[in-house]
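What follows is a single structure, written as structure tokens, with notes after it.
The values are calculated or read from the model by the stated rules, or taken from the named source; none is laboratory data. Model, not experiment: these values are computed from the prediction. Quick reminder, even Gly has a Cβ in these numbers, built from the backbone with ideal geometry, and neighbours come from all protein chains shown.
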Amino acid sequence: MIINFRSTQKKLNFYIQPALSFRFDKYFDFTVFSKINQNRYYDLTKNLDFGDRTDLEKQDKFFNDREIASLLFFEPGFQFRIGLEKIKLQFMYSKIYDLSNTGIQYRRDNLYLGLSLRLNLRKTFKITSPNQCLI
């Protein structure tokens with residue numbers, strides 16, 4: 001157990017998230033997805049004070065004496081959206097697995113509740129040709 005911990009780092013996050021969606025009607029849709037997520041921490045600086053302890057726990061060992069740390073996660077999940085055609089209540093759940101087997105403590109589940117808006121910007125700005133979208 002760490003008695004005192006202070007850390008600064010920079011983080012780079014890469015992920016790929018294929019999804020398969022089913023639209024049952026204009027009021028309800030369902031999506032399944034699987035996200036593979038790599039978190040890369042670099043320029044790690046830390047101040048760890050373990051007190052009288054000499055044995056480090058596994059999660060403490062992973063970041064100890066490193067300037068770079070890379071973590072790989074797999075996050076399968078699903079999403080429901082229900083509501084009107086242009087505004088829906090969105091519910092999303094995913095489970096998180098540590099593929100790096102680091103032993104660090106992390107959130108094992110994600111649960112989100114949100115609002116999904118469908119905006120037709122082409123109609124709002126009267127865009128009739130893809131060439132009008134060029135910047």
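Overview of results
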{"item": "Region 15-39: number of residues that are small (G, A, S) and not in a strand (DSSP E or B)", "result": "0"}
{"item": "Conditions (1) at pLDDT below 95; (2) farther than 22 Å from T102 by Cβ; (3) surrounded by fewer than 14 Cβ atoms within 10 Å (Cβ to Cβ): number failed by N47", "result": "(2)"}
{"item": "Residue tally, condition at pLDDT 90 or above and either in contact with an Asp or Glu (Cβ under 7 Å, 6 or more places away or on another chain) or aromatic (F, W, Y) (or both), over region 1-19", "result": "2"}
{"item": "Subset of region 74-103 that is in a loop (DSSP other than H, G, I, E, B) and without any contact (Cβ under 8 Å) to a residue 24 or more places away in the chain - its residue that is surrounded by the fewest Cβ atoms within 10 Å (Cβ to Cβ)", "result": "N101"}
{"item": "Residue within region 60-69 that is outside any loop (DSSP other than H, G, I, E, B) and at pLDDT 85 or above present", "result": "no"}
